[in-house]
């Protein structure tokens, strides 16, 4: 860890006050208890907080935050810990506020198609709650069975179906936030308000701010009507390049599927070994295309996609024969990361974005990077919007492999930016990608972002040492220094 990031101790009297606010059973301070909270799903950097608090209401969160302000303690918001960029790392210790016990769906307004939920509600619970009424909540990260709405807000999460429906910010009408001085504020549409608000869209600014503006406690979600019908296709291709070309041609034909997901051969083999869906083990790539909408219009689009797939040399195109088969296919795709354990003890997930037209080029670059660093790199990604997820396989017991994995990930992200893309599509910056902010944004841009952050958090105690160069730098982490040497 960085020698510049000194630990801020939590004094015993502060821990005693926290217990009086939320109850002794909702304050964790033992060494063994804190180990669970030392990292998120980005496991290369670890640092335990000084104490973890599990509040049960917005009022308790506000009381905790006021205590932190009095004691000048860092505040680290945390949901389910599924984030992949170290965005909830307690870099300097401090008080971690875990919102997993604030997990109630408070209201569903069916007439206006909205739902008020607490920040700790699991993403999938929302759709499960309203699907009997023909509604759903569109953002669907692969971790949706575990990740929380508050965490989704923090990184502006996406998922396979954001190609058509958009990311978290497109489906959050308003939100409640406890500011770093303990004030409770609401931004955006209120639960009993109309669809529009006046003034600056500070709701939008908070979404994707990775918890640096305060702690989001309640969220007003937009619900949309579930499609009347689906057509889900599985295209089997000899090469990633042929599948990528198919993606570009589908969009060029004016068809916007609900989702277009691609898996290369290595990850398809791991998924098949784990779930036995029937994926071909020798295919270079498989492409999942899901159409949704009014039933009469889907057949013509399906025929056009079949034509495009065949023109690009598809070996076979399967159409899901039932809802059960469709759901099983999506279960395999969304559990792809979990299947990687069959290939490697550790993996580093990247989250770059390139224009769709650059998908073949970035896939070739990843292949060359794999050879250069001597590491396997399977790929599973949101092909429709160019959001790639190369999984760099390594063994953390071998320091040399750790260094090469970091160097390979850096090289891939640098190439994404060179292609006119971005270093992240939905995982956020956290501590992992701090170095890339200066490569992607001009100094004036970063200064403007910092100024906005200071308006919410003048002392910069809320989730400190994230996102911005000059905070805690990724290059301060020892393996990163070695990888850059």
Is it fair to say residue 227 is within 30 Å of residue 310 (Cβ to Cβ), more than 24 Å from the chain's Cα centre (by Cα) and not in a strand (DSSP E or B)?
yes
Quick test of your reading of the structure: residue 274 fulfils all but one of (1) over 26 Å from residue 127 (Cβ atoms); (2) surrounded by 16 or more Cβ atoms within 10 Å (Cβ to Cβ). Name the failing condition by number.
(1)
Can you go through 64, 27 and tell me which one is without any contact (Cβ under 8 Å) to a residue 40 or more places away in the chain, surrounded by 20 or more Cβ atoms within 10 Å (Cβ to Cβ), more than 29 Å from residue 348 (Cα to Cα) and in contact with a helix residue (DSSP H, G or I) (Cβ under 7 Å, 6 or more places away or on another chain)?
27
Given the options 94, 79, name the one that is on the phi > 0 side of the Ramachandran plot and in contact with a strand residue (DSSP E or B) (Cβ under 7 Å, 6 or more places away or on another chain).
94
Restricting to the stretch 200-228, and then to whatever is farther than 12 Å from residue 170 by Cα and without any contact (Cβ under 8 Å) to a residue 40 or more places away in the chain, can you tell me which residue is surrounded by the most Cβ atoms within 10 Å (Cβ to Cβ)?
202
When you go through (1) crowded, with 18+ Cβ neighbours inside 10 Å; (2) closer than 24 Å to residue 155 by Cβ one by one for residue 289, which number turns out not to apply?
(2)
Please go through the stretch 158-181 and pick out each residue that is at pLDDT 95 or above, within 20 Å of residue 425 (Cβ to Cβ) and crowded, with 24+ Cβ neighbours inside 10 Å.
168, 172
Of everything in the stretch 348-365 that's crowded, with 21+ Cβ neighbours inside 10 Å and touching a strand residue (DSSP E or B) at 6+ places or on another chain (Cβ under 6 Å), which residue is farthest from residue 270 (Cα to Cα)?
353
Single residue of 249, 272, 290, 328 found to be closer than 20 Å to residue 387 by Cβ and assigned to a helix (DSSP H, G or I):
249
Checked the stretch 252-269 for anything part of a helix (DSSP H, G or I) and surrounded by fewer than 24 Cβ atoms within 10 Å (Cβ to Cβ); matches are 252, 265, 266, 269
With respect to residue 205, is the statement that it is within 26 Å of the chain's Cα centre (by Cα) and either in a loop (DSSP other than H, G, I, E, B) or farther than 30 Å from residue 306 by Cα (or both) true?
yes
Of 54, 44, 34, the only residue that is more than 24 Å from residue 217 (Cβ to Cβ), buried (at least 18 other Cβ atoms within 10 Å of the Cβ) and under 28 Å from the mean Cα position of the chain (by Cα) is 44
Scan the stretch 115-133 and tell me whether some residue there is surrounded by fewer than 18 Cβ atoms within 10 Å (Cβ to Cβ), assigned to a loop (DSSP other than H, G, I, E, B) and in the same structural domain as residue 196 (by TED's automatic domain parsing).
no
Across the stretch 321-342, what is the total count of residues that are touching a strand residue (DSSP E or B) at 6+ places or on another chain (Cβ under 6 Å), under 22 Å from residue 408 (Cβ atoms) and surrounded by fewer than 21 Cβ atoms within 10 Å (Cβ to Cβ)?
0
Could you tell me how many of the residues in the stretch 427-446 are touching a helix residue (DSSP H, G or I) at 6+ places or on another chain (Cβ under 9 Å), over 12 Å from residue 85 (Cβ atoms) and part of a loop (DSSP other than H, G, I, E, B)?
1
Counting only residues that are closer than 29 Å to residue 468 by Cβ and surrounded by 15 or more Cβ atoms within 10 Å (Cβ to Cβ), the stretch 182-199 contains a total of 6
Please indicate, with yes or no, whether at least one residue in the stretch 395-403 is surrounded by fewer than 24 Cβ atoms within 10 Å (Cβ to Cβ), out of contact with any strand residue (DSSP E or B) (no Cβ under 7 Å at 6 or more places or on another chain) and not in a helix (DSSP H, G or I).
yes
Exactly one of 476, 385, 457 is at pLDDT below 95 and outside the structural domain of residue 369 (by TED's automatic domain parsing), and that residue is 476
Which one of these is modelled with pLDDT under 95, touching a strand residue (DSSP E or B) at 6+ places or on another chain (Cβ under 7 Å) and more than 14 Å from residue 18 (Cβ to Cβ): 106, 84?
84
Residue under evaluation residue 430, criteria (1) buried (at least 21 other Cβ atoms within 10 Å of the Cβ); (2) in contact with a strand residue (DSSP E or B) (Cβ under 8 Å, 6 or more places away or on another chain); (3) modelled with pLDDT of 95 or more, criterion not met
(2)
All but one of (1) over 17 Å from the mean Cα position of the chain (by Cα); (2) more than 18 Å from residue 45 (Cα to Cα); (3) in a strand (DSSP E or B) hold for residue 380, so report the exception by its number.
(1)
Which condition number in (1) modelled with pLDDT of 95 or more; (2) under 21 Å from the mean Cα position of the chain (by Cα); (3) crowded, with 22+ Cβ neighbours inside 10 Å is the one that residue 305 fails?
(2)
Which residues, counting only those in the stretch 444-457, are in contact (Cβ under 8 Å) with a residue 60 or more places away in the chain and loosely packed, with under 12 Cβ neighbours inside 10 Å?
none
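The values are calculated or read from the model by the stated rules, or taken from the named source; none is laboratory data. These numbers were taken from a predicted model, which means no experiment stands behind them. Cβ atoms come from the backbone with ideal geometry, glycine included; neighbour counts cover every protein chain shown.
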